[in-house]
Amino acid sequence: MSLFKTNKASPWLLNFFRWYCHPDYVEDLEGDLLETFERTKEQSGPQKANWILAINVIKLFRPGIIRSFNDYQFSHYDMFKNNLKIAVRNLIKHKSYAFINVLGLAIGMTCCLLIFLYVNHELTYDSFHSKSDRIYRVVTDIKTPTETINTGVTSAPMTAYMKTDFPEVEDFVRLDPSQFLLSDGEKSYQEDNGMFADASFFKIFTFPLVKGNAKTALVDPFSVVLTESAAKKYFGDQPPMGKVLKLEGEYDLTVTGIMQDVPQNSNFSFDVLVSLSTTLEEIFPRRAEQWGNFAYNSYVLLLPNALPSALENKLPDFMEKYYGETMDRDEMHYSLFLEPLSAVYLKSERGSPRSGNQINVMVFSIIACLILIIACFNFMNLSTARATERAKEVGIRKVIGAIRWQLTIQFLSEALLMSMLAFILALLACEIVIPSFNQLAGKQIVNSIFYNFNHLAVFGLFAIFVGLLAGFYPAYVLSNFNPVSILKGKFSSSQTGLVLRKVLVTSQFVISITLIAGTAIVYNQLGFMRDKSLGFKKNQMLVIDFHGDNAIQEKINVFKQQLSANPQILGVSASSSVPSTGNNGAFSVIENPSGDLQSSNLAMFYVDHEFFDLFELEMVAGRQFSRDMLTDSAALIVNEATVASYGYQQPEAIIGKQFSQWGVEGQVIGVVKDFHYASLQQKIEPLSIRLEPDNAMYLTFNIESTNISNTIASLEEKWKKLAPQRPFEYFFIDESFNQQYAAEVRFGDLFTYFAGLAVFIACLGLLGLISYTSTQRKKEIGIRKVLGANKLGLIKLLTQDILRLIVIAFFVALPITWFTLSKWLQSFAYQTEISPWVFIIAGLMALGVSFAAISYQAFKAALSNPIEALKNE
Amino acid sequence: MSKHHLGEFEEIVMLTVAILYDEAYGIAIIDEMEDRLGRKVSIGALQTVLRRLEKKGYLDSRFGEATKVRGGKRKRYFTITAFGKKVLTDVKEQRMGLWNAVPELIWNKQ
């Protein structure tokens, strides 16, 4: 400290004293301190004198001498009122610039708020369960000699035995989402949102029951709990408790409880909850001990403070103990893992009834930041460009005695004012736009922007932050002016921050071009997936879904014959799956090239003789199922992917090899060319096809494209006669296939809107900038015209700077877009190429849009009468 | 007790200001008190008391000349007001009254 270094009284101490001391007393008290200092210095030297000074300064720190701090703030309050007044006057004086600034900020804020709502919604799925931090989903990895499958399901005994063996497992629950037929005695309904659940369901998850007892509702077999909407659907306004619904035409279920509808932000989606004891104690009791039957989504509730990783480490031994022999014999190794409940919806890649895409969430968050950056850059640009207007004011204020930071605060508060105005506009805009936004996103995110006051406060802070962020740089620049040069008249501000302004405009356009190109690529990919040849006939294929109704399966040939007796119907086939409906997997054993029997998990289709012809599938080796060969009921057809996974070089090589699948043994008789039976997001997995038409779940009809509604009506009539117990449910394969991309299409739409908004904001900024520069250069243009410049040359002059920047932006945007969009495309197994056209179009669009924005101003300036500009010289 | 409550230190300060007549400023008051009473006086305590007495109206203050030694800061001289004189004499009379009421015996006893 300078106490010990200098000959004079320490300025630190004096400054400190001046700060706290009452202004009326400062002078004489400081004088006394200095006199004492001099005296002590003469007696004992400067160091001691400073030491004594320090002591005295501390001793004077007493209530009677300290200044009143209220008085201190009071003058700042007045100053702030003045700042506000000046800010408002400024806004009114330059309405158009203020409008552009506020509008740009408002749009940017609206986008950010909407994206925040969406991202927040996605990130908080299932957070409403009171025990959510202790709930984990149990998932299985199946390792076969050829591959590892990551599933989201387990078998029934796995979690049950986990509870018996591990004390840290407090409870467990198994869930089986199902579709089944429910009838109330008169009408039959196909319930697609059904689920079987253990009695512990309500103990683990927080789904409030409106009627009935949560502890006992699902204990007994044949009990069912309905959601309020389901109750309304089945029973209208009648009291539903105790009523009976018939399951699949056979079993009577009693309503033991009514619960609130499942909220939107949960990965669970069900309307009808049947007790799992119905299946495991009554209908299929063997499943309770079948370790290899993967039918259940299972969750465990751990004790507080139990570590999931510790439990996971014990699971390999656990599996070895109960199922080790079978696993070794079948060459199928099961490993169990725990996923926290909060990760199931978004992060997990193993699927769930409702599943979100983490990449989408990230993409939108980034877009929100980018849009905000563009809006802030706009603000900065316009404010610094207009600096000359305020130069005189700044000069005079400085001369009167304003300190630099006072001016900074003044300009910051102007920025804050605009940002708060923008915030109010943004809130209004959000309120209006939210219903359409919900629709666009495909889910009910919130009803109103005012849904949560905590969040509203956060939004307000966010608006303040934006104001400070955007206003900081202009405030810095403006407060930096040299008053002398301003008042002398030598000040010209058009050079102020010119380079930075160019950088800002260029960045805005880099972002805009990236977004435009990105949108084009997204649309390309979607179109590609829509139009790609799938390897089978998908158009004009109508499918009736009868959910494996036993009565229909027994008479499947009758159904096929009678329903297709219609000149409009060109063919029919029965199968257990059709492309896009998902399929079963089967544990299968096939002979591999070295003659050993190798196990694998193959996708499986049960079909009839007509299947291959109806779907126009191509055989690359061997033959299809034939009515002449009676042994075909124990024959297997596989696809090319299976051939490759078993290590065969040629498809012909697998013909004649032995196979065994679910008790059926025989030979492989044919290889079908790979076709996309699932979505294009996944690679074609190995597939096995067997001849078992009485295990079919779907009837597929190839129908003429004329008079489709008549065909459907006639089919429905016949159906009602043949199968009155089954509702007539149908869909078209091409539509069903495309629906798998519904989420991507929505993503594409949202992306387009936000890209459009970003470009719009960038152009707003450009508009403001260009109108300002042309006003600035009015004199210059006037002189040039007088000297003989032609109109074209003038337009070129005014616009070439900006256009040059856009070209630079284009070349910067190129690699950025390429890199990020390639990553997005990689999430699809089948992708388009990124064509150079995309960039050319994006660049031209950017040029075109900006030219449109600036052309009006440029033309006006070029056509102006030079006399107007120069008459005041 | 009368309606003026004058603390011991306050009384001494006022008397010292009176002694110094026209020359009573911070440092001088401290010097005088330390000389006469032989005890250290804290600048903080003193200045607080001076301001308080001025607020009560017992003292008046005026600015004097600035000197180089004081870095160009002026001195603040304090003087007793008429009110202050009255208070001092009242307190003195009270004190004397008490003294006179003490019986001779106390002083002579062993």
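The values are calculated or read from the model by the stated rules, or taken from the named source; none is laboratory data. What you are looking at is a predicted structure, and each value in this text was computed from that prediction instead of being measured. Every residue, glycine among them, receives a Cβ derived from its backbone with ideal geometry; neighbour counts consider all protein chains shown.
Here is how the numbers come out for the structure above:
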{"item": "Test: A:Arg390 is at pLDDT 80 or above and more than 15 Å from A:Phe472 (Cα to Cα)", "result": "no"}
{"item": "Output for the range A:443-458, where each listed residue is crowded, with 21+ Cβ neighbours inside 10 Å and not in a loop (DSSP other than H, G, I, E, B)", "result": "none"}
{"item": "Spans of strands (runs of 3 or more DSSP E) in the range A:511-592 with at least 1 residues more than 30 Å from A:Gly656 (Cβ to Cβ)", "result": "A:541-545, A:569-575"}
{"item": "Spans of helices (runs of 4 or more DSSP H) in the range A:709-800 with at least 2 residues under 30 Å from A:Ala858 (Cβ atoms) and out of contact with any strand residue (DSSP E or B) (no Cβ under 9 Å at 6 or more places or on another chain)", "result": "A:742-776, A:778-786"}
{"item": "Flag for A:Asn7 being within 22 Å of B:Val41 (Cα to Cα) and polar (S, T, N, Q)", "result": "no"}
{"item": "Per-region count, the range B:1-31, residues within 14 Å of chain A (Cβ to nearest Cβ) and not in a loop (DSSP other than H, G, I, E, B)", "result": "9"}
{"item": "Among (1) within 32 Å of the chain's Cα centre (by Cα); (2) assigned to a strand (DSSP E or B) - the single one A:Phe202 does not satisfy", "result": "(2)"}
{"item": "Yes/no for A:Glu868 being of a type in the set (D, E, K, R), surrounded by fewer than 16 Cβ atoms within 10 Å (Cβ to Cβ) and not in a helix (DSSP H, G or I)", "result": "no"}
{"item": "Exclusive hit being modelled with pLDDT of 75 or more, within 19 Å of A:Asn82 (Cα to Cα), surrounded by 15 or more Cβ atoms within 10 Å (Cβ to Cβ) and touching a Phe, Trp or Tyr at 6+ places or on another chain (Cβ under 6 Å), set A:Ala475, A:Ala463", "result": "A:Ala475"}
{"item": "Residue within the range A:56-65 that is within 14 Å of another protein chain (Cβ to nearest Cβ), assigned to a loop (DSSP other than H, G, I, E, B) and of a type in the set (Val, Ile, Thr) present", "result": "yes"}
{"item": "Residue count for the range B:32-86, restricted to those that are among the acidic types (Asp, Glu), under 17 Å from A:Asp32 (Cα atoms) and within 11 Å of chain A (Cβ to nearest Cβ)", "result": "1"}
{"item": "Selection from the range A:246-269 of residues that are surrounded by fewer than 19 Cβ atoms within 10 Å (Cβ to Cβ) and either in contact (Cβ under 8 Å) with a residue 12 or more places away in the chain or in a strand (DSSP E or B) (or both)", "result": "A:Lys246, A:Glu248, A:Gly249, A:Tyr251, A:Asp252, A:Thr254, A:Gln260, A:Asp261, A:Pro263, A:Gln264, A:Ser269"}
{"item": "Options A:Ser485, A:Ser494, A:Ser436; residue that is at pLDDT 85 or above, polar (S, T, N, Q), out of contact with any Lys or Arg (no Cβ under 6 Å at 6 or more places or on another chain) and in a helix (DSSP H, G or I)", "result": "A:Ser436"}
{"item": "Selection from the range A:737-753 of residues that are farther than 29 Å from A:Asn539 by Cα and modelled with pLDDT under 85", "result": "A:Phe751"}
{"item": "Failed item, numbered, when A:Ser413 is tested on (1) more than 26 Å from A:Leu750 (Cα to Cα); (2) free of Cβ contacts under 8 Å to residues at least 24 places away in the same chain", "result": "(2)"}
{"item": "Flag for A:Ser352 being within 27 Å of the chain's Cα centre (by Cα), surrounded by 15 or more Cβ atoms within 10 Å (Cβ to Cβ), at pLDDT 85 or above and not in a helix (DSSP H, G or I)", "result": "no"}
{"item": "Qualifying residues in the range A:606-651 (those that are more than 46 Å from the chain's Cα centre (by Cα) and assigned to a helix (DSSP H, G or I)) - the one modelled with the highest pLDDT", "result": "A:Ala634"}
{"item": "The range A:171-190, subset of a type in the set (D, E, K, R) and crowded, with 18+ Cβ neighbours inside 10 Å, residue nearest to A:Asn313 (Cα to Cα)", "result": "A:Asp171"}
{"item": "Pairs, first farther than 17 Å from B:Glu54 by Cα and facing another protein chain (nearest Cβ under 7 Å) in the range A:21-39, second at pLDDT 90 or above and not in a helix (DSSP H, G or I), C-beta under 6 Å, six or more apart", "result": "none"}
{"item": "Test: B:Ile106 is at pLDDT below 90 and either away from chain A (no Cβ under 14 Å) or part of a helix (DSSP H, G or I) (or both)", "result": "yes"}
{"item": "Residue in the range B:44-52 that is surrounded by 10 or more Cβ atoms within 10 Å (Cβ to Cβ), farther than 24 Å from A:Leu14 by Cα, hydrophobic (A, V, I, L, M, F, W, C) and touching a residue at least 12 places away in the same chain (Cβ under 8 Å) present", "result": "no"}
{"item": "Count of the range A:40-51 residues which are within 12 Å of another protein chain (Cβ to nearest Cβ) and of a type in the set (Ser, Thr, Tyr)", "result": "1"}
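Yes or no, residue by residue, for (1) surrounded by fewer than 17 Cβ atoms within 10 Å (Cβ to Cβ); (2) on the phi > 0 side of the Ramachandran plot; (3) in contact (Cβ under 8 Å) with a residue 60 or more places away in the chain:
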position	(1), (2), (3)
A:Leu680	no, no, yes
A:Pro686	no, no, yes
A:Glu692	no, no, yes
A:Glu704	yes, no, yes
A:Ser709	yes, no, no
A:Ala723	no, no, yes
A:Gly756	yes, no, no
A:Leu764	no, no, yes
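Here's the yes/no breakdown for (1) touching a helix residue (DSSP H, G or I) at 6+ places or on another chain (Cβ under 8 Å); (2) on the phi > 0 side of the Ramachandran plot; (3) of a type in the set (Phe, Trp, Tyr); (4) without any contact (Cβ under 8 Å) to a residue 60 or more places away in the chain:
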| site | (1), (2), (3), (4) |
| --- | --- |
| A:Asn101 | yes, no, no, no |
| A:Gly108 | yes, no, no, no |
| A:Glu170 | yes, no, no, no |
| A:Arg174 | yes, no, no, no |
| A:Ser183 | no, no, no, no |
| A:Tyr189 | yes, no, yes, no |
